[in-house]
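Asker: Mind having a look at this structure? Questions to follow.
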Amino acid sequence: MSRFKNFALPVLAFLALAAGPLGARVIDTPAGELRGTESGGVYRFAGVPYAASPVGDLRWRMPVPLTGWEGVRDAVDYAPDCLQVPYAEGSPYYRELGPVSEDCLYLNVWSADLSPAEPAPVMVWIHGGAFTRGSGARPTYDGAGLARDGVVLVTINYRLGIFGYLAHPALTAEQGGASGNYGLGDQVAALRWVRDNIAAFGGDPGRVTIFGESAGSSAVSQLLAAPGAAGLFHGAIGQSGGFLTPQDELAAGEDKGVRAFAALGADTPAAAREIPAREVLATFVELEGEGVGSRPIVDGALIPGQLYDLFKAGDYNKVPSLVGYNRDESSAFALAPDVPFLFRNQADFEAGLKEFAGIGAYPFIWLYPEQEGSTQPYLDFWRDLVFGWNMQAWARLNERAGEPAWLYFFTHVPGDDVGKQLGAYHAAEIPYIFGNGVPPAGADERVHELLRGYWVNFARAGDPNGHGLPAWPRFGGDAAYLELSASPRADDSLHWKQMALWSFAFSR
């Protein structure tokens, strides 16, 4: 018996290793076989490549399609995040970095049923982080909860900062008349991968909703304007971010790229591509305050024009849209020392506006009046400038183009220490959608149930309304919206005077 035991244990160990991790599941996709894991009734496939590694000669080029792989590929562990540096430790968005790499074009999939009787709606999450930070692998974005509610959830990485958005005349010349926007191209490539492969995970490639927050939401607005993304998604959710205000065009991006090449000490794209990635990242950090290679541009190719003009003309990928913003968007960073137009009190606010806009400052002073001892007027001004007007313009133009839109205003204050300090701050709604890190009781739990329900309904049917949820009116002609809190309240014309003034300021 002892000799049999000594023989059997190694054999069993070998068989276990050959089978992969406990709870593993192997599926066959058009890209190749994948081994994922199962936990709590949800399958997860992590670190799945969707494009060729953007390294060497592929740095600062649009993503190259992946040819697939031989044999069974492990999809058990997350891939490295794209190259970045963390936020400052005092920021509420600070996260300790894990592994980072220039080789980072990977995605993650969660599904509760790999062979459903009816394919499930698909939601593709595009993370935020100012186009310079973030990852699809953050614990907050774990998709198990959404998968249990009946969707196939996909999160993606895309190139960030100088690796994702560097334009340069020489890059433009070698790439047929446009450069920059590689990170946005990555998102299009990921959506093509979803179209071609998601059925193997139980998802419906004909019911794909893209959603994101902050930079991720701005990316969603750009994907609406990108001809190359046509047909790759069927609904759009934008949370606190849009590019309806004027954006840099190719020439401005190229000028910044010339400064970046000079700082790198490179004369040609080939020379710049030979510089180690960590050195490129260090140079970007030095130049980031100048906006060098840090965000998408209107390149005339992937993005053919200013988004507002494309939306207004109906010349974009028109789909139902659910969009909105938070009451205290500005609280986390509008008063930070490095924010332009820094005002610590009402007098500074009014003086700064007059210096910036002259006589045009007075309507803003009237609509953002002094509140004694409070910085709230400036915070509301900043919120409406950066977030409010963009989201309302998105909803208004989508309705004008004949597609439905639903607008929200998130006012719930999270019950944690950050919420107590910052209110309904920028990104506060995200945990309630994914269900990660939400206190399992009281108002927080109610808000989680509401947001999860609305978002899943929208992914399923293109309308957030459904059984058991308070009615959410369509934006329509009266600019109706829903205040999202533990006790939702429908109303119309959110901040309408301020929005009218901002439309006039932008001549729109």
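We did not get these values from a lab; they are worked out from the coordinates using the rules stated. Please read all numbers here as calculations on a predicted model, not as lab measurements. Don't worry about glycine lacking a Cβ; one is built from the backbone with ideal geometry, like all the others, and counts go over all protein chains shown.
Asker: Let me have the relative contact order for the chain, percent, based on Cα pairs under 8 Å that are six or more residues apart.
Answerer: After rounding, I find 13 percent.
Asker: When the Karplus curve 6.51 cos²θ - 1.76 cosθ + 1.60 is applied with θ = phi - 60°, which whole-Hz ³J(HN,Hα) does each residue of region 163-179 get, with x for Gly and Pro?
Answerer: So the Karplus estimates, Gly and Pro as x, are 6, x, 9, 7, 9, 6, x, 5, 5, 4, 5, 7, 10, x, x, 8, 8 Hz.
Asker: As a footprinting exposure proxy, order 478, 417 by other Cβ within 10 Å, with the fewest listed first.
Answerer: 417, 478
Asker: Report, by chain and number, residues whose modeled amide H sits under 5 Å from the one on residue 238, excluding near sequence neighbours (fewer than 5 apart, same chain).
Answerer: Answer set, sorted by chain and number: 322, 323, 324.
Asker: Out of all Cα-Cα pairs in region 23-505, roughly what percent, to the nearest whole number, are more than 41 Å apart?
Answerer: The share of Cα pairs beyond 41 Å in region 23-505 comes to 15 percent.
Asker: Separate question: In whole Hz, with x marking every Gly and Pro, tabulate ³J(HN,Hα) for region 392-408 from phi via Karplus 6.51 cos²θ - 1.76 cosθ + 1.60, θ = phi - 60°.
Answerer: These are the phi-based 3J(HN,Hα) values: 5, 5, 4, 4, 5, 6, 5, 5, 5, 7, x, 10, x, 9, 10, 10, 10 Hz.
Asker: Size of the dipole of the chain about the Cα centre, Lys and Arg at +1 and Asp and Glu at -1 on the beta carbon, nothing else charged, in debye to 20?
Answerer: 980 debye
Asker: In addition: Each residue of region 360-369 in order: what ³J(HN,Hα) in whole Hz does its phi give by Karplus 6.51 cos²θ - 1.76 cosθ + 1.60, θ = phi - 60°, with x for Gly and Pro?
Answerer: With the stated coefficients, region 360-369 comes to x, 6, 5, x, 5, 4, 5, 7, 10, x Hz.
Asker: Right, next: Over all directions, average the projected area of the Cα convex hull of region 382-443 and note it in nm².
Answerer: 5.3 nm²
Asker: Amide H of residue 167 versus every other amide H placed in the peptide plane: which residues, excluding those fewer than 5 positions away on the same chain, fall under 5 Å?
Answerer: 257, 293
Asker: Right, another one. Mind checking the full-extension length gain between residue 471 and residue 417? Use 0.36 nm per residue of separation minus the Cα-Cα distance, one decimal, nm.
Answerer: Net length gain for the segment: 16.3 nm.
Asker: Here is a follow-up. Could you list which residues have their amide H under 5 Å from that of residue 483, counting only those 5 or more apart in sequence or on another chain, with H placed in the peptide plane?
Answerer: 409, 489, 490, 491
Asker: OK, next. Considering the options 498, 455, 477, tell which one lies farthest towards the positive end of the dipole of region 450-508, charges being +1 on Lys and Arg and -1 on Asp and Glu at the Cβ, about the Cα centre.
Answerer: Comparing the listed Cα positions along the dipole, 455 ranks first.
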